[in-house]
Amino acid sequence: MSYDLILRNCRLLRSPDVTETADVALSGKKIAAIAPRIEAPGETEYDVGGNLVSPPFVESHIHLDSALTAGEPRPNESGTLFEGISIWEERKKSLTVEDVKKRAIATLKLQAQQGILFVRTHADVSESNLIALRGLLEVREAVKDWMTLQVVAFPQDGIYSRPENELLLEKAIEMGADVVGGIPHYEFTREDGVKSVHRTFELAEKYDRLIDIHCDEIDDEQSRFLEVVVACAVRSGLGARVTASHTTAFASYPNAYALKLMGLLGRSRINFIANPLINITLQGRTDTYPKRRGITRVKELWKNGSNVSFGHDCIRDPWYGLGTGNMLDVAHMAVHVCQMTGLSEIDACYDMVTGNGAKTLSVENDYGIEVGKTANLIVLNVGNRYEAIRMRSPVRQVFSRGKLLAETKPVQSIFYDG
Ligand code: 17E
Ligand code: FE2
């Protein structure tokens, strides 16, 4: 009896509160055994030395169609969402399927090297040839042996801002998008915004898809589409199949209204995605001082029992010229801007870039370090979640579908005394 691969002496992060040292054996694409000490040999063995072995990072919100285009055709000088949308409007005129595929695959490799094995990407479908969508659907297929990619049909310019946009959204779903999107705060009027949320739900029900709406990504306390999303989620029974992304206006709502909303949220089971790097840079741009942080009420949502995950949103694109693809950068920023500095809060921020993201993507049934599940796991360079975020620990090894996919040798720095 032998296993294909054994990782010995792993500090396991199996469920949020269980950490223990164990050996993990992989056979084929599956986790075959977990025990304090596995006697049988493995064809390949690694001693992990008591470091944290975690389920992979989940990137629950990124725009791969625009990734790596920063500066094309020009940089975003105002730093606003709106300037980003208009720069992208120009850049997307020259999109080709090859261009999208090349940048998306380069980004996915960068992500995989840093321990991400599940990604939800948005594909802009308010463009008449659906180039971004075609490219990303081909990418989903091309990477499926090492990366799970979900594609959201995202109507960047609004569903009702041009007559053809509604049809393009439906066509994108027919072509195979996994998730239906929306952008109610960007529609011309409040009425159009409400109508667009209803349309997103109708399409999701008709084609049996998940929902992920860019919702209230603005500092305007009058932007109240989250309540519409929640009402639709409760009435349709879609609950956990629904995600509200960004919801930055939630940070500007008066507390009296936020309290009412929290009660409704408790009933709806919808997921939230915050994008700390982007929210802290795009929002607050119309403020002088005091200047708002513009990130949704992550700590309060988490305490209220909602599932919250974090996304990177952008890597070098018209909205954000920085970005590395490292989910620990995202969690680190969240600890700061959400003031989640308590120990259990820091751990929660780690969960928001791992297990909570898996829930949002509805992939949790085959996610996690348990016998019988697909062998997707990462080895960090530290022993626990807090140190992982503090150090933004390199991911030493990434195992995908039972195979070593990527390795990083942590840099060594030497201080010569005297
Ligand atoms: N589009 C949008 O509407 N909002 C964003 N944060 C990005 C693209 C990156
Ligand atoms: Fe986004």
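Using only Cα atoms, what Kirkwood radius does the stretch 1-105 have, in angstroms?
Roughly 17.7 Å, rounded to one decimal.
With a probe of 1.4 Å, find how much accessible area the chain has per residue, and write the answer as a whole number in Å².
Result: 41 Å² per residue.
Only helical DSSP H runs with n ≥ 4 go in: add -39500 (n - 2.57) per run for the chain, normalise by residue count and round the 222 nm mean residue ellipticity to 500 deg cm²/dmol.
Calculated mean residue ellipticity at 222 nm is -10000 deg cm²/dmol.
Quick one: length gained pulling Met391 to Lys109 fully straight, 0.36 nm per residue minus the C-alpha distance?
Value of the extension gain: 99.3 nm.
Return the single residue from Leu108, Leu301, Leu210 with maximal mean-square fluctuation; model: Gaussian network over the chain, springs between Cα atoms under 10 Å.
Leu301
Write out the trypsin sites (Lys or Arg not before Pro) in the stretch 207-292 meeting two conditions: DSSP loop, and at most 12 other Cβ atoms within 10 Å of their Cβ.
Lys291
Between Lys93 and Val411, what is 0.36 nm times their sequence separation minus the Cα-Cα distance? Round to one decimal in nm.
Value of the extension gain: 110.3 nm.
Please work out the FRET efficiency for the pair Leu167 and Lys102, using the Cβ-Cβ distance as r and a Förster radius of 30 Å; give the result to the nearest 0.05.
Efficiency, rounded to the nearest 0.05: 0.60.
With a 1.4 Å probe and every protein chain left in place, tell me how much accessible area Glu205 has, in Å² to the nearest 10.
Spelled out: Glu205, probe radius 1.4 Å, area about 110 Å².
With a 10 Å cut-off between alpha carbons and a GNM built on the chain, which of Val234, Val58, Val330 moves the most?
Val234
Could you sort 357-369, 90-102 so that the peptide with the highest average Cβ count within 10 Å comes first and the rest follow in order?
Per-residue Cβ counts within 10 Å, averaged per peptide and sorted highest first, yield 357-369, 90-102.
Scan the stretch 124-167 for GluC sites (Glu not before Pro) in coil per DSSP, keeping those whose Cβ has at most 11 other Cβ atoms within 10 Å, and list them by number.
Glu164
Tally Lys/Arg at +1 and Asp/Glu at -1 over every other residue whose Cβ is under 14 Å from the Cβ of Cys338; what's the total?
For residues surrounding Cys338, the net value is +1.
State the answer as a single residue: which of Ala67, Leu322, Ala33 lies farthest towards the positive end of the charge dipole of the chain, with beta carbon charges of +1 for Lys and Arg and -1 for Asp and Glu, about the Cα centre.
Ala33
Over what distance in Å are the Cα centres of the stretch 366-400 and the stretch 63-111 separated?
30
If you stretched the chain out fully between Lys30 and Glu370, how much longer would it get, using 0.36 nm times the residue separation minus the C-alpha to C-alpha distance?
Value of the extension gain: 121.5 nm.
Taking a 25 Å limit on the Cα-Cα distance, which of the listed pairs Lys206/Lys299; Lys30/Lys144; Lys101/Lys171; Lys373/Lys403; Lys30/Lys102; Lys93/Lys171 fall beyond it?
Pairs exceeding 25 Å: Lys206/Lys299; Lys30/Lys102.
Can you give me the distance in nm between label points at Glu43 and Tyr289, each placed 7 Å from the Cα along the Cα-to-Cβ direction?
6.4
Out of the trypsin sites (Lys or Arg not before Pro) in the stretch 110-172, which ones are loop residues according to DSSP with at most 14 other C-beta atoms within 10 Å?
Sites meeting the loop and neighbour criteria: Lys144.
On a 1.4 Å probe surface of the protein chains, which of Met391, Met147 comes out largest in accessible area, and what is the full order?
Result, largest first: Met391, Met147.
Find the centroid of the Cα atoms in the stretch 267-333 and in the stretch 150-182, then give the distance between the two in whole Å.
24
Residues in the stretch 216-231, backbone N under 17 Å from the label point at Glu202 (7 Å along the Cα-to-beta-carbon vector): list them, ranges by number please.
Residues passing the 17 Å test: 229.
For the chain, modelled as a GNM with alpha-carbon contacts under 10 angstrom, which of Cys232, Cys349, Cys314 fluctuates the most?
The residue with the greatest mean-square fluctuation here is Cys232.
The values are calculated or read from the model by the stated rules, or taken from the named source; none is laboratory data. Because the structure is predicted, anything quoted here is derived from the model rather than measured. Glycine gets a Cβ as well: all are built from the backbone with ideal geometry, and neighbour counts include every protein chain shown. These accessible areas exclude ligands, DNA and RNA; they are computed on the full protein's heavy atoms, side chains included. Shrake-Rupley method; radii C 1.70, N 1.55, O 1.52, S 1.80 Å.
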